Amino acid sequence: MALLEYKCPNCGGAIEFDAATQEMVCPFCDTVMDMAAMQSMDADIEQQQASEKIDWGYDGDGWAEGEQDGMAVYSCQSCSGEIVGDETLGATSCPFCGNPVVMTSKFSGTLRPDVVIPFKKTKDEAIKALKSHYLNKKLLPRVFKEANHLEEIRGVYVPFWLFDADADARIEYKATRSRRWSDSKYDYVETSEFRVFREGSLGFDAVPVDGSTAIDDTLMESIEPFDMKDGVDFQTAYLAGYFANKYDVDAEASTDRANTRIKNSTEAAFKETVVGYDTVSPRNSRINLKSGGVRYALLPVWLLSTKWNNENFIFAMNGQTGKFVGNLPLDKGLYKSWFLKIFGGAAAALVALSFLLFR
């Protein structure tokens, strides 16, 4: 497997993409290189790797059938350490020397992404967002905050499919409007029913669908939206210093989820135009979709997976906008105390009131 590692032209250290400056930076001598200069470096590195094929003459036993399924092995260009990972792994860091590496074979040919949104938010900002997420959570176990390993937060380029489509819709709604009045004897309610029709077309650009089974789709949708105006043509240099996976759910398998999202958005947009009624509910909906194409993209996400009391908690932050989501554990002892304090006090007040009323 081919590895792509970026070396500083001054000191030879590993350089990586810096979200704060949007440039390649050497952490050892502070050399800065712009992204345009990295294109020629990519070509030089790939040409050098193609000429460095070594036959060591080893003739050992082969792998048993199925033994290598799902596994990929790489060799670090800096320390020669062996990196073993999932076959979808696209970028990581060497566990022996810490240098960032990119598996170029994962992003070549038909697997090459069309677009990438570079990280805008730094790791420090992700850690700050997590700490802010803890604030005013009175029922959060104290030990959870104290024992959490914030440095385990990792920047990951998550594979997405971006769908373009036009939706032609014709929707019928049942709507009601009520009128109320009273006289000296009765209260009256008059309810009128209406059939409301809406018809038209909507265009959708870059509707994202997560292309990785390793990350929960609902979690990824929770940190949307991504602003595709920041999307640029893919360069492997953007991956240096971050983790990345290639897709393991292809575009065809993602189509149903994209269609569902587009249809739901269309129905919601049309329903917002039905105003002036007390209730509105769809009766018949006919939505036809016309495909406008699909693109393969890598989008920036800060991820933290931490374990507490044998339960996993996953947090995610949009690496472009900073939107942060994630579930937190509940301190059952604090919750019980809080419950008794609130409802116990209410029960005591009711008892006292009953005593005053019925003594």
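Tabulated values for the structure
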read-out: 20 Å Cα-Cα threshold exceeded, pairs from LYS229/LYS271; LYS174/LYS271; LYS229/LYS290; LYS131/LYS323; value: LYS229/LYS271; LYS229/LYS290
read-out: Spin-label pair THR191/THR122, simplified geometry with 7 Å Cα→Cβ offset, distance in nm; value: 5.9 nm
read-out: Estimated inter-spin distance, THR279 and PHE313, nm [label 7 Å along Cα→Cβ]; value: 4.1 nm
read-out: Contour minus Cα-Cα distance for ASN10 and GLN39 (0.36 nm per residue); value: 8.6 nm
read-out: Potential lengthening between ASP30 and VAL249 on full extension [0.36 nm per residue; Cα-Cα distance subtracted]; value: 74.9 nm
read-out: Neighbour-limited loop hits for GluC sites (Glu not before Pro), segment 243-327 (at most 13 other Cβ within 10 Å; DSSP other than H, G, I, E, B); value: GLU272
read-out: Estimated distance in nm for a label pair at ARG180 and ALA20, the labels positioned 7 Å out from Cα along Cα-to-Cβ; value: 5.9 nm
read-out: FRET efficiency for GLU224 and ASN288, using Cβ-Cβ distance with R0 set to 30 Å, rounded to 0.05; value: 0.75
read-out: Stokes-Einstein D in µm²/s, Kirkwood radius over Cα pairs - segment 206-313 at 20 °C with 1.002 mPa s viscosity; value: 124 µm²/s
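Readers should treat all values here as calculations from the given coordinates under stated rules, not as data from a laboratory. Bear in mind that the values here come from a model prediction, so they are computed numbers and not experimental data. Reconstructed Cβ throughout: ideal geometry from the backbone, glycine too, with neighbour counts over all protein chains shown.
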